[in-house]
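The values are calculated or read from the model by the stated rules, or taken from the named source; none is laboratory data. Everything numeric in this text was worked out from a predicted model, so none of it was measured. Here the Cβ positions follow ideal geometry from the backbone for every residue, glycine too, while neighbour counts run over all protein chains shown. Heavy atoms of the whole protein, side chains included, go into the accessibility calculation; ligands, DNA and RNA do not. Shrake-Rupley method; radii C 1.70, N 1.55, O 1.52, S 1.80 Å.
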Amino acid sequence: SDVTRPSKPTIQLKNHILLQLTQGDRDTLLAEAECARIPAGSTLARPGDEIASIYFPDAGVISVVSEMATGHQVAVAVVGREGLLGVGAVLSVQSYVQRLVALVESHGVRVCADRFRYVFGRSDLLRRATLDALGRRFVELTMVAACNRVHSHRQRLARWLLLITDKA
């Protein structure tokens, strides 16, 4: 991946999921965390990459892009500080099936998937916040599917621009 990592992390708590945790759960989750900067246009993960860590964006927008066998690419979701990436690691998904690309320069916290699973298994707040984020993502994906079927290209572009602006 194109992510750069400073040698000593300075963790800023701007991610909505991390802010919902107790100090103890947050300390346990972030004990070995890394801060990451992802330059605009850089790839965080590619299809087939192992889900080895969970990424909590603090700033920026990450696009989730599905790549078709024809070479076409379709952006199916965007994630900002309200969510997390790599959560498939707790859903028995071993590797990414989409490309994750920074639409604008992004910053966040990277947590080892094993540590995330450990805290996820013990923290009601982390489970609730993660499942809430997954629920919102599911609703967003169903809206995108409906929108792609019934709205014009212009209407879909307007929705996409508003969504990105909101998350950025």
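If the condition is being open to solvent by less than 40 Å² (accessible area, probe 1.4 Å), polar (S, T, N, Q) and outside any loop (DSSP other than H, G, I, E, B), then segment 23-47 contributes only 43.
Which of the numbered conditions does residue 73 fail, given that it passes all the others? Conditions: (1) at pLDDT 90 or above; (2) open to solvent by 60 Å² or more (accessible area, probe 1.4 Å); (3) in contact with a strand residue (DSSP E or B) (Cβ under 6 Å, 6 or more places away or on another chain). With (1) at pLDDT 90 or above; (2) open to solvent by 60 Å² or more (accessible area, probe 1.4 Å); (3) in contact with a strand residue (DSSP E or B) (Cβ under 6 Å, 6 or more places away or on another chain) applied to residue 73, the lone miss is (1). The residues of segment 121-130 that are over 12 Å from residue 17 (Cα atoms) and open to solvent by 70 Å² or more (accessible area, probe 1.4 Å), listed by number, are 122, 124.
The condition of being in contact with a helix residue (DSSP H, G or I) (Cβ under 7 Å, 6 or more places away or on another chain) and open to solvent by less than 60 Å² (accessible area, probe 1.4 Å) holds for only one of 146, 133, 158, that being 133. Can you confirm whether segment 78-100 contains a residue that is of a type in the set (Gly, Ala, Ser), assigned to a strand (DSSP E or B) and in contact with a Ser or Thr (Cβ under 9 Å, 6 or more places away or on another chain)? The answer is no, given that none of the residues of segment 78-100 is of a type in the set (Gly, Ala, Ser), assigned to a strand (DSSP E or B) and in contact with a Ser or Thr (Cβ under 9 Å, 6 or more places away or on another chain). Summed over segment 85-105, the residues that are open to solvent by 10 Å² or more (accessible area, probe 1.4 Å) and touching a residue at least 60 places away in the same chain (Cβ under 8 Å) give a count of 4.
Hey, among the residues in segment 106-120 that are farther than 20 Å from residue 61 by Cα and open to solvent by 50 Å² or more (accessible area, probe 1.4 Å), which one's farthest from the chain's Cα centre (by Cα)? Looking at residues that are farther than 20 Å from residue 61 by Cα and open to solvent by 50 Å² or more (accessible area, probe 1.4 Å), I get 118.
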